Amino acid sequence: MIHTGRHFLQIPGPTNVPDRVLRAMDMPVMDHRSAEFAQLGKEVLDGVRAVFKTAGPVVMYPASGTGAWEAALVNTLSPGDRVLLFETGHFSSLWRAIAEKFGLKVDYVPGTWRHGATPAELESRLKADTGHTIKAVMVVHNETSTGVTSRIGELRRAIDAAKHPALYLVDTISSLASIDYRHDEWRVDVTVAGSQKGLMLPPGMSFNAISEKALRASETAKLPRAYWDWQEMLKPNRTGFFPYTPPTNLLYGLREALLMMKEEGLENIFKRHDRHAEATRAAVRAWGLEIVCQEPKEYSSSLTAVFLPEGQDADKLRAVILENFDMSLGAGLSKLAGKIFRIGHLGAFNDLTLMGTLSGVEMGLKLAGVPHKAGGVLAAMDSLMASQKKSEPAAVAR
Ligand SMILES: Cc1ncc(COP(=O)(O)O)c(C=O)c1O
């Protein structure tokens, strides 16, 4: 089938890259040892800190998010160290696998893939560790495989309540610049992030935001590291340079994306994501389908994962939607394969992108013969209009 118009890329990352960012990257490749580069380097290394809400250093790797996961571990830990990680879904299991490959002993707190990390469980496990053998707590903030968001601030309070000195490592790959996040205030030691989701950039760059405590830990950490070594990176970063070839054109894109985020305002960006997520859930409920996340406090604002009724194939539904409406939706991963589909509503996104997305899903449900009730699109529209009305008086006053 020949498709016209734009493809709808509604997976939960990589996300759609705004035209402004694409145009900003459409530049000749520059000399990464030049004064011109140093200016760009300094500007983005400094500017990106606001998105993490940190006054500390943020390092950038020309790598996908997986590289930044590895960097967080190898810079702070030593072989045989004990770490605690909550099972939230597919991505927590991948992070666990990396930790184990490096010889870390992982206390993997079992989970159902329908809830986030629980502060009470964290507090009791840390209190039980009277000898402080647990060196790091690892949490995936927004579990992209399930649409469940763990409460990073409350988990911080649980670590404090247990008076435990463990480092706090958080994966924000699908939450940064989409869901409220505060590296400094929540005293996170390493925040791991990627370029291809809330930051509205193509894939290919990832980040570690680093606390002073994590920097101190890196001085004695014994895991082998070369490419990922923070110290090697931080030295040239001070003057805007990198220890190896940086992804120069992605940095042009980052500069533009940071400008766009500043124009909109981070808090407005979070509210926008909350609102679109709420409208999406209104549609799912109207269809009579089940949301994977079981805890309303943990609903993700960047994606919604949806179960199909027993016996229905979610991959077939996605294929029907792709074929007929040229829209990509997220697949169920590992144990959820074929059972769920995921709607990405993060990054460069607006009300009509959401309505187009949900229309494609509703038409697809019908075409694929999935039992459901009609009216999801209308329910989402009502949800959007309800929150639109609330903002009207302010608009008039201006
Ligand atoms: C929460 C989370 N962590 C880690 C990753 C891995 O990142 P990457 O695929 O960029 O290596 C992803 C990718 O989607 C993710 O969503």
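Points worth noting:
- Residues considered: 351, 189, 26. Largest GNM mean-square fluctuation over the chain, using C-alpha springs under 10 Å, is found at 26.
- Of the residues 188, 320, the one with the largest accessible area comes first in the ranking 320, 188, computed with a 1.4 Å probe on protein heavy atoms.
- Count of lysine pairs in segment 19-157 with Cα separation under 23 Å (8 or more residues apart, or interchain): 5
- A simple charge model with +1 on the Cβ of Lys and Arg, -1 on the Cβ of Asp and Glu and nothing else charged puts the dipole of segment 30-114 at about 240 debye relative to its Cα centre.
- Rg(Cα) / (2.2 N^0.38 Å) computed for segment 283-398, rounded to two decimals: 1.14
- Choice from 332, 65, 369 showing the highest fluctuation, given a GNM over the chain with Cα pairs closer than 10 Å: 369
- Accessible-area order (highest first, 1.4 angstrom probe) of the listed residues 313, 81: 313, 81
- Share of pairwise Cα-Cα distances greater than 17 Å in segment 235-328 is 70 percent (whole percent).
- Residue of 243, 28, 110 that the Gaussian network model of the chain assigns the largest fluctuation, springs spanning Cα pairs under 10 Å: 28
- Candidate lysines for bridging to residue 316, where Cα separation is under 30 Å - those fewer than 8 sequence places away on the same chain excluded: 197, 335, 339, 366, 373
- With the whole protein complex present, residue 30 retains an accessible surface near 20 Å², based on a 1.4 Å probe.
- Cα gyration tensor shape of segment 71-139, rounded if a/c is under 1.5, else prolate or oblate by comparing a/b with b/c: oblate
- Per-residue SASA entry for residue 122, accessible area with 1.4 Å probe, Å² rounded to 10: 0 Å²
- Each Lys and Arg Cβ is given +1 and each Asp and Glu Cβ -1; about its Cα centre, the chain then shows a dipole of about 380 debye.
- Ligands, DNA and RNA are left out, and with a 1.4 angstrom probe the accessible area of the chain is 42 Å² per residue.
- Taking the charge dipole of the chain about its Cα centre, with +1 at Lys and Arg Cβ atoms and -1 at Asp and Glu Cβ atoms, the residue from 10, 244, 220 reaching farthest to the positive side is 220.
- Whole-angstrom gap from segment 1-30 to segment 139-169, using each part's C-alpha centre: 33 Å
- The heavy atoms of residue 349 offer some 20 square angstrom of accessible surface to a 1.4 angstrom probe.
- For segment 183-217 versus segment 308-368, the gap between their alpha-carbon centres in whole angstrom: 30 Å
- Only Lys, Arg (+1) and Asp, Glu (-1) charged, at Cβ; segment 291-398 dipole about Cα centre in debye: 180 debye
- Aspartates and glutamates with Cα under 15 Å of residue 297, excluding same-chain neighbours fewer than 8 positions away: 143, 154, 180, 274, 278
- Among the GluC sites (Glu not before Pro) found in segment 298-392, those both in a DSSP coil and sparsely packed, with 14 or fewer other Cβ atoms within 10 Å of their Cβ, are 310.
- Compactness of the chain, taken as the C-alpha radius of gyration over 2.2 N^0.38 Å, stands at 1.00.
- Amide H contacts of residue 348 (H built 1.01 Å from N, under 5 Å, at least 5 apart or other chain): 16
The values are calculated or read from the model by the stated rules, or taken from the named source; none is laboratory data. Note that the structure is predicted; figures quoted are calculated from it, not measured. Virtual Cβ from ideal backbone geometry, glycine too; neighbours counted across all protein chains shown. These area figures cover heavy atoms from the full protein model, side chains too; ligands, DNA and RNA do not enter into them. Shrake-Rupley method; radii C 1.70, N 1.55, O 1.52, S 1.80 Å.
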